[in-house]
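The values are calculated or read from the model by the stated rules, or taken from the named source; none is laboratory data. Note that the structure is a prediction, hence the values are computed from the model and not measured. Virtual Cβ from ideal backbone geometry, glycine too; neighbours counted across all protein chains shown.
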Amino acid sequence: DAKTTQPPSMDCAEGRAANLPCNHSTISGNEYVYWYRQIHSQGPQYIIHGLKNNETNEMASLIITEDRKSSTLILPHATLRDTAVYYCIVHGSSNTGKLIFGQGTTLQVKP
Amino acid sequence: DAGITQSPRHKVTETGTPVTLRCHQTENHRYMYWYRQDPGHGLRLIHYSYGVKDTDKGEVSDGYSVSRSKTEDFLLTLESATSSQTSVYFCAIRDPTSGGQETQYFGPGTRLLVL
């Protein structure tokens, strides 16, 4: 699986959009971009995933660049409850489903 | 909610004692995983299972064994606990029908302290 690079921390004002970047320059054609988050003391939570098209669900939007070497997770109206560690994971389909978690980005949403 | 429970949620034990952690799922998923999480290391895969009696090692499997005698339960055993195994342990299931092919859903975690 391709390696990802994320900033270690970011701040965002409550009510504003939070844009979390992820670089995955070695991504291969069959690898998806997955985003998870982990709120303090809880298990990681799946947010969204995509291959090459932009994706949106009730939690967030995922914007993937045309060359697929980077992506951005967008929380459109961040709340204090969105304070968490956000993990960007690149993973291809496999029989094992093993995910490799990096250090992620700690997002602090401030009032 | 993927119907995943872990037990116990908290445990304190002494070095050298055996410890078994249980992960239980209610939705018949084939794949189950055990991770540990330590400060500065993120989540690391210990073992995983791809069916009843079918298991394989992850990246940090030394000192751990697993068993899966029925679909709903995946047990993680520390045969002789050491202080380095103090950690938070998360169980996960993989549900290819929800989200994406590789989407995993995690349990609430077990905090283990080995004295």
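Scanning the stretch A:12-36 for residues that are exposed (fewer than 12 other Cβ atoms within 10 Å of the Cβ) and not small (G, A, S) yields a total of 1. Taking the residues in the stretch B:56-71 that are over 13 Å from the mean Cα position of the chain (by Cα) and of a type in the set (S, T, Y) as candidates, determine which candidate is farthest from the other protein chains (Cβ to nearest Cβ). The residue in question is B:S69. For the stretch B:27-44, the condition of being within 14 Å of chain A (Cβ to nearest Cβ), of a type in the set (A, V, I, L, M), surrounded by fewer than 22 Cβ atoms within 10 Å (Cβ to Cβ) and under 28 Å from A:T106 (Cα atoms) holds for none of the residues. Selection of strands (runs of 3 or more DSSP E) fully inside the stretch A:43-98 by the criterion of at least 1 residues being away from chain B (no Cβ under 14 Å) and within 14 Å of the chain's Cα centre (by Cα) returns A:61-64, A:70-75. If you filter the stretch B:80-102 down to residues that are crowded, with 22+ Cβ neighbours inside 10 Å, facing chain A (nearest Cβ under 8 Å) and in contact with a His (Cβ under 8 Å, 6 or more places away or on another chain), you find that the one that is modelled with the highest pLDDT is B:R94.
For the stretch B:62-79, the condition holds for no residue, the condition being that it is closer than 25 Å to A:Y32 by Cα and either crowded, with 21+ Cβ neighbours inside 10 Å or of a type in the set (S, T, N, Q) (or both).
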